[in-house]
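Input: a single structure, listed below in structure tokens.
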Amino acid sequence: MWAYEGVFYQIYPIGFCGAPVHNDGVTVSRILKLKNWAGYLGDLGITSILLNPIFESDNHGYDTRDFKKIDCRLGTNEDFAEVCKSLHENGVKIVLDGVFNHVGRGFWAFKDVQEKKWDSPYKDWFHISFDGNSCYDDGFWYEGWEGHFELVKLNLQNPAVVDYLLECVKFWINTFDIDGLRLDVAYSLDHNFMRRLRSYTQELKPDFALIGEVLFGDYNIIVNDEMLHSCTNYECYKGLYSSFNSMNLFEIAHSLHRQFGADPWCIYRGKHLMTFADNHDVTRLASILTNKAHIPLAYGLLLGMPGVPCLYYGSEWAEPGEKAPDNDYALRPCFDAPKPNDLTSFIKKLIQIREHSDALCNGSYRNVVIQNHQLIFERCTENTRVLVAINAADYPYTAYHGDLSGQMTDLITGETVTMQGQLELPPYSVQYLR
């Protein structure tokens, strides 16, 4: 699976393109802006772009009106096909947000139910009771997603709904040549639907990637040979920033060993979960870290640990952004152009190293040295061994361990490092030693 060895770049198009927050019905070809970023993404080393919702919706994209039409605020289907062609020419694959658990109140089939009630052929596409009423006074009750009644829950146990959604996926592949899907709230999706989606997309495009949004629970339930290839690793997302904020690298070391270590009880060995420092739903890394000197260290950890790294647009140059209690607008800004800086160059270097390292993409995980402020772990395949060393302290540290021996190359600086049972870690440093 190509996704396992790549680096993703996530964009929330409605915010990124500066589109109105609410659908104003005016068609503007804002999505073409992505063409201007294609070269930047290719140069950064990005192998796949993950786009949050782009289809016609009521407001934020997750309240879909029409799965076969690009949101008018972003442009036309022809515009997006042009964008996809440009991205592919720059070696960047395209993964779209598949919002299959719910739709908006403006979704065409739901509007038919609003109009015809019992007589609508689509009444069984949703979880509806004509014995009640909705908070919108529809004359019937329906199930919303987690109490959000602007999001109408689809009935994924209805074969007609599943057939329709699969037809839409086929349309996306045929029209835009997309390479995969991020499944929104995958933890809420019917398991049989995900099995059907996996077999259906594999027939259409054998290397089509399916990545689920999962916040909690046992990821093995849906990441397996019958369902999804990967899912979001929220456990390590939390450990990534809080380990630095609490100056307790034992936390992330524990999570990584629990998930990928060699002990029989380690739970995700061999899986490639999607790792990230931030995304469109959470406060950005540059705002959540209390010590800004830790920002490059967090990326050193992210690109060195097991998983499929995903960068959120703008965070590669340390853009701030705090999640508000009632909206996420600050997390989803519009940028006229990329604003690369020294952090961007450092991340680009890490991406290049990872791209050429089977150990960092697919190797085993083993903790070597763990201290509150320092962490050294090993990524290893049959042919290659890489040590990732992090020092979060503002002072140098000498690590001692029997495995710290021999002559190695620091892949970041190119320097030769000779170890005799110890390793010098400069203050606020990242080392990738091969």
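The values are calculated or read from the model by the stated rules, or taken from the named source; none is laboratory data. Since we're looking at a predicted model, the values are computed, not measured. For neighbour counting, all protein chains shown are included, and Cβ atoms are generated from backbone atoms with ideal geometry for every residue, glycine included. Side chains included, ligands, DNA and RNA excluded: accessible areas come from the protein's heavy atoms. Shrake-Rupley method; radii C 1.70, N 1.55, O 1.52, S 1.80 Å.
Restricting I370, I390, I376 to residues that are under 25 Å from the mean Cα position of the chain (by Cα) and of a type in the set (A, V, I, L, M, F, W, C) narrows the list to I390.
Determine whether segment 399-409 contains at least one residue that is modelled with pLDDT of 95 or more and in a loop (DSSP other than H, G, I, E, B). So far as segment 399-409 goes, no, none of its residues is modelled with pLDDT of 95 or more and in a loop (DSSP other than H, G, I, E, B).
Of all residues in segment 84-100, those that are farther than 11 Å from D177 by Cβ have Cβ atoms under 8 Å from Cβ atoms of residues that are part of a strand (DSSP E or B) and of a type in the set (S, T, N, Q), 6 or more apart or on another chain, in V92/S48; V95/S48; V99/T64. Scoring G147 on the criteria (1) farther than 17 Å from T64 by Cβ; (2) open to solvent by less than 20 Å² (accessible area, probe 1.4 Å); (3) out of contact with any Phe, Trp or Tyr (no Cβ under 7 Å at 6 or more places or on another chain) leaves a single failure, condition (2). Summed over segment 168-193, residues that are in contact with a Gly (Cβ under 8 Å, 6 or more places away or on another chain) and over 23 Å from R65 (Cβ atoms) total 1.
Of these, D137, D119, which one is out of contact with any strand residue (DSSP E or B) (no Cβ under 9 Å at 6 or more places or on another chain), at positive phi and loosely packed, with under 15 Cβ neighbours inside 10 Å?
Sole residue among the options that is out of contact with any strand residue (DSSP E or B) (no Cβ under 9 Å at 6 or more places or on another chain), at positive phi and loosely packed, with under 15 Cβ neighbours inside 10 Å: D137.
For segment 1-60, filtering for residues that are in a loop (DSSP other than H, G, I, E, B) and polar (S, T, N, Q) leaves 6. Once segment 1-47 is narrowed to residues that are in contact with a Pro (Cβ under 7 Å, 6 or more places away or on another chain) and β-branched (V, I, T), the residue that is farthest from D63 (Cα to Cα) is V7.
Could you pull out every one of the helices (runs of 4 or more DSSP H) wholly within segment 223-324 that has 1 or more residues that are crowded, with 18+ Cβ neighbours inside 10 Å and among the aromatic types (F, W, Y)? Outline the logic, then answer.
On the way: elements: 234-245, 250-260, 285-288, 295-304.
Answer list for segment 223-324: 234-245, 250-260, 295-304.
Within segment 210-219, the set of residues being in contact with a Phe, Trp or Tyr (Cβ under 7 Å, 6 or more places away or on another chain) and either in a helix (DSSP H, G or I) or within 19 Å of L50 (Cα to Cα) (or both) comprises V214, L215, Y219. Looking at (1) open to solvent by less than 30 Å² (accessible area, probe 1.4 Å); (2) touching a strand residue (DSSP E or B) at 6+ places or on another chain (Cβ under 8 Å); (3) farther than 23 Å from T232 by Cβ, can you tell me which one N158 breaks? Checking N158 against (1) open to solvent by less than 30 Å² (accessible area, probe 1.4 Å); (2) touching a strand residue (DSSP E or B) at 6+ places or on another chain (Cβ under 8 Å); (3) farther than 23 Å from T232 by Cβ, the one that fails is (2). Just checking, does segment 189-211 include any residue being without any contact (Cβ under 8 Å) to a residue 60 or more places away in the chain, crowded, with 20+ Cβ neighbours inside 10 Å and acidic (D, E)? So far as segment 189-211 goes, no, none of its residues is without any contact (Cβ under 8 Å) to a residue 60 or more places away in the chain, crowded, with 20+ Cβ neighbours inside 10 Å and acidic (D, E). With the condition kept exactly as written, say whether any residue in segment 148-155 is in a helix (DSSP H, G or I) and touching a residue at least 24 places away in the same chain (Cβ under 8 Å). Scanning segment 148-155 turns up no residue that is in a helix (DSSP H, G or I) and touching a residue at least 24 places away in the same chain (Cβ under 8 Å).
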